[in-house]
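Peer 1: Starting off with a structure, shown below.
The values are calculated or read from the model by the stated rules, or taken from the named source; none is laboratory data. Just so we're clear, the structure is a prediction, and the values are computed from it rather than from any experiment. Positions of Cβ are backbone-derived with ideal geometry, glycine not excepted, and every protein chain shown enters the neighbour counts.
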Amino acid sequence: MEIAIHGGCGTLAPELLPAAEWEEVRAHLAQSLRAGWAILAAGGPAVDAVQAAVVVLEDSPHFNAGYGAALTHEAEHELDASIMEGTQGRAGAVCTVRRVRNPILAARAVMEHSGCVLLSAEAADRYAQAQGLAMVDNTYFTTPRRVKALADIQAGKAGGAIRPITEADRHGTVGAVARDARGGLAAATSTGGFNDKPQGRVGDSPIIGAGTFARDGVCAVSCTGMGELFIRHAVAYDLCARMEYGGQSLPQAGDHLVHQTMSGHGIGAGLVSLGADGTVHAPFNTRGMARGWITGEGRICVATHEEVFDVGHC
Ligand code: ASP
């Protein structure tokens, strides 16, 4: 059994947050891993584990998903999420939802009950509500950090001199991959997109094969980075195909996509992936990527930049 998570490849520079806040970021990553691991350890399926791990990250203000998500140009939130299990290849997703508190739960409901793969906008929110999921006002997702980031970006544009937009402004996104005791793989991804995005914009995170993919016997993957390019290159599926048809190892496939395909476009990119043999690989080309995994010995490891912290046993 394995689980690994990411909190986006747009981690702030270390000097921009006080040490206590970085500690809280790592604590939330560890909490997410523990939530997923508890399910795996009890014999539960990988799809339940990735869902539980992502819910914790959606509820944390430190990541660009759920509470704390990025704001659109109109200073509102439109959220995307998807989930896939690799045994039967079932998947569910929602895009541009505005009211469901945990978009990953809506994606799971779509997978289980709707007969569809992707529901959008108000209809997806209504579907989530009909499924009994917790609903909130759109302002629930807003945090002071996102309001300030949006104001900075828009002020920069208004002044003619667009302030250099950092990876932290652009990216966030959360995701999880897991392998259960029966070898079943699953992946889940949830995001607010990026600050100042146009209304109605949909990224890769709710697109199966672009931001999320899982196939038993091969791999599970969740991506982060500028979604348009992940869609155009079908990155999550391409990682799987490189392994399945191309004979590449998980690290070879992931490194190629992040350090060649995506880096060739000059964009920040990252992913967390898990092979059918339990290999975890989490490449990124930015200064940092919040991430974590549980080792074969049951140690919980989390990181935001280069340094990896062992934060205890699960
Ligand atoms: N992939 C996400 C999107 O394009 C954003 C990110 O991961 O930074 O919506």
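Peer 1: Cβ-Cβ under 7 Å, sequence separation 6+ or interchain: first residue in segment 5-20 and within 16 Å of the ligand (Cβ to nearest atom), partner in a strand (DSSP E or B) and modelled with pLDDT under 85. Which pairs?
Peer 2: From segment 5-20, no pairs qualify.
Peer 1: Can you tell me which residue among VAL47, VAL54 is within 14 Å of the ligand (Cβ to nearest atom) and closer than 22 Å to GLY278 by Cβ?
Peer 2: Of VAL47, VAL54, the one residue that is within 14 Å of the ligand (Cβ to nearest atom) and closer than 22 Å to GLY278 by Cβ is VAL54.
Peer 1: Give segment 253-271 a look and list any residue that's of a type outside the set (S, T, N, Q) and farther than 13 Å from GLY227 by Cβ, or say none.
Peer 2: Matches in segment 253-271: ALA253, GLY254, ASP255, HIS256, LEU257, VAL258, HIS259, GLY264, GLY266.
Peer 1: OK, next. Quick one: which residue in ALA27, ALA13, ALA75 is in contact with a Leu (Cβ under 8 Å, 6 or more places away or on another chain) and surrounded by fewer than 24 Cβ atoms within 10 Å (Cβ to Cβ)?
Peer 2: After applying the criteria, what remains is ALA75.
Peer 1: Right, next: Of all residues in segment 155-202 being basic (Lys, Arg), away from the ligand (no atom under 16 Å from the Cβ) and modelled with pLDDT of 95 or more, which is surrounded by the most Cβ atoms within 10 Å (Cβ to Cβ)?
Peer 2: Once the filter is applied, the top-ranked residue is ARG179.
Peer 1: Also, quick follow-up: If GLU58 meets every condition in (1) free of Cβ contacts under 8 Å to residues at least 12 places away in the same chain; (2) surrounded by 21 or more Cβ atoms within 10 Å (Cβ to Cβ); (3) of a type in the set (Asp, Glu) apart from one, which number is that one?
Peer 2: If we test GLU58 against (1) free of Cβ contacts under 8 Å to residues at least 12 places away in the same chain; (2) surrounded by 21 or more Cβ atoms within 10 Å (Cβ to Cβ); (3) of a type in the set (Asp, Glu), just (1) comes out false.
Peer 1: Of the conditions (1) over 29 Å from GLU306 (Cβ atoms); (2) crowded, with 24+ Cβ neighbours inside 10 Å, VAL50 fails just one. Which one is it?
Peer 2: Only one criterion is unmet by VAL50, namely (1).
Peer 1: Report, by residue number, each residue of segment 209-218 that is on the phi < 0 side of the Ramachandran plot and either part of a loop (DSSP other than H, G, I, E, B) or buried (at least 24 other Cβ atoms within 10 Å of the Cβ) (or both).
Peer 2: The answer is ALA210, GLY211, THR212, PHE213, ALA214, ASP216, VAL218.
Peer 1: For segment 240-311, give me every one of the strands (runs of 3 or more DSSP E) that falls completely inside it and has 1 or more residues that are without any contact (Cβ under 8 Å) to a residue 12 or more places away in the chain.
Peer 2: The qualifying strands (runs of 3 or more DSSP E) are 299-303.
Peer 1: Restricted to segment 220-239, and to residues that are at negative phi and in a strand (DSSP E or B), which residue is farthest from the ligand (Cβ to nearest atom)?
Peer 2: Per the criteria, the residue is ALA220.
Peer 1: Given the residues HIS281, HIS265, which is the only one that is within 16 Å of the ligand (Cβ to nearest atom) and touching a Leu at 6+ places or on another chain (Cβ under 7 Å)?
Peer 2: Answer to the selection: HIS265.
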